[in-house]
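Student: For reference, the structure I am asking about is given below.
Rule-based calculations on the coordinates, nothing more; no lab input. Since this is a predicted model, take the numbers as computed values, not measurements. Cβ placement follows ideal geometry from the backbone for every residue including glycine, while neighbour counts extend to all protein chains displayed.
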């Protein structure tokens, strides 16, 4: 196996999400080399060329289309390949199609590179993260999904709008499945350390239950709304991928709600879902226990059961 290049990444899948992620990563200056791989080689070549033409305005970087042999020394492999979610489809509707695609992709990766980190971005991300882990034989800390990083950003954005405050000062997580059973962890939400309800009252909002319900629903449905309006969502997730890359490449030990395999926390075991985790150069270093009320913990277990039922139907 080749020695890994910490400044090299590979993106497998050059659809909307893969190419938008490649563009965000190019602008970040995190890597000096990026290979794009797609079943349609010409698509990968076109994206690589298009993005490369912006390099005079960014940092020096080699961006090119390649094949699986080019990933042998990549330190981070981002998998966005899969059928996209169509209007009216849930993320879970995509399961069979995309697990089938992963059965051809992941062994190709594992056969050439055993030491990288695999970041799964395709949907349904929790099931595909679990599939990638089983199919790759990689250690658990080095296979994880983008999870609810974007959902949590949507929650922060909407709370920032609601409270007329910088969304970066809002600390709140969406946990569980990246999908219809996701949970807004209101119990631990705060604005710069001030409990959320108290901050809301400072801003003149007292209808906590109604607002919490409305905002959580808006977060859950925002992907459907975007898909309905423009057929796909890709900028938000591309920014989320860039954020996760930063945490890995710079060994930031940032706390992000990525999707990884669970072991007993809240009674959830052997299923991949999103909980806040410390992310650094070794991938997921540990999960972070956050305060949940009983109804949130119960909803989280239900979310895990939904995913478990689907996993048991898959031949993995």
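Student: Restricting things to Cα coordinates, could you compute the convex hull volume per residue of segment 149-312 in Å³?
Tutor: Hull volume over Cα atoms, normalised by residue count, gives 125 Å³.
Student: Any idea what angle helix 41-52 forms with the longest principal axis of the chain, computed on alpha-carbon atoms, 0 to 90 degrees, nearest 10?
Tutor: Around 70 degrees separate the two axes.
Student: Follow-up. Relative to 2.2 N^0.38 Å, what does the C-alpha radius of gyration of segment 5-145 come to as a ratio? Two decimals please. The partial results should precede the final answer.
Tutor: Values: Rg = 14.5 Å, N = 141, 2.2 N^0.38 = 14.4 Å.
Its radius of gyration relative to the 2.2 N^0.38 Å reference: 1.00.
Student: In units of 2.2 N^0.38 Å, what is the alpha-carbon radius of gyration of the chain?
Tutor: 0.97
Student: Let me ask another. Please identify, among 278, 71, 290, the residue showing maximal mean-square fluctuation in a Gaussian network model of the chain using a 10 angstrom Cα cutoff.
Tutor: With Cα springs under 10 Å in the chain, the top fluctuation among 278, 71, 290 is at 290.
Student: If you don't mind, another one. Mind checking the alpha-carbon convex hull of segment 95-233 and giving the volume per residue in Å³?
Tutor: 132 Å³
Student: By how many degrees, between 0 and 90 and to the nearest 10, does the Cα long axis of helix 208-230 differ from the longest principal axis of the chain?
Tutor: 30 degrees
Student: What whole-number value in cubic angstrom gives the convex hull volume per residue for the C-alpha atoms of segment 269-316?
Tutor: Working: hull volume 3.9 nm³, N = 48.
Spread over its residues, the Cα hull of segment 269-316 gives 81 Å³ apiece.
Student: Among 266-273, 203-210, how do they line up by average Cβ neighbours within 10 Å per residue, starting with the highest?
Tutor: 266-273, 203-210
Student: State log₁₀ I(q)/I(0) for segment 252-292 at q = 0.16, 0.19, 0.30 Å⁻¹ as given by the Debye formula over alpha-carbon point scatterers of equal weight, solvent excluded.
Tutor: Relative scattering, expressed as log10 I(q)/I(0), comes to -0.36, -0.50, -1.09.
Student: For segment 1-79 and segment 107-153, what is the centre-to-centre distance using only Cα atoms, to the nearest Å?
Tutor: With segment 1-79 and segment 107-153 each reduced to a Cα centre, they are spaced 17 Å.
Student: With axes computed from alpha carbons, what is the tilt in degrees of helix 16-28 against the longest principal axis of the chain, rounded to the nearest 10 within 0 to 90?
Tutor: Relative to the chain, helix 16-28 is tipped by roughly 90 degrees.
Student: Take the Cβ-Cβ distance between residue 288 and residue 53 as r, set R0 to 45 Å, and report the resulting FRET efficiency rounded to the nearest 0.05.
Tutor: 0.65
Student: For the residue pair residue 168 and residue 295, what label-to-label distance in nm results when each label sits 7 Å from Cα along the Cα-to-beta-carbon direction?
Tutor: In this crude label model, residue 168 to residue 295 measures out at 3.4 nm.
Student: Hey, another quick one. Residues of segment 161-188 with amide nitrogen under 11 Å from the 7 Å Cα-to-Cβ point of residue 203?
Tutor: Only 161-171 fall inside the zone, counting backbone N under 11 Å.
Student: Do you know the relative contact order of the chain, to the nearest whole percent, from alpha carbon pairs under 8 angstrom that are 6+ apart? Provide the component values of the computation, followed by the final result.
Tutor: Values: 625 pairs, mean separation 57.6, N = 316.
Taking the mean separation of contacting Cα pairs over the length of the chain, I get 18 percent.
Student: In whole angstrom, how long is each semi-axis of the equivalent ellipsoid of segment 65-153, when you take the square root of 5 times every eigenvalue of its Cα gyration tensor and sort them from largest down?
Tutor: 22, 14, 12
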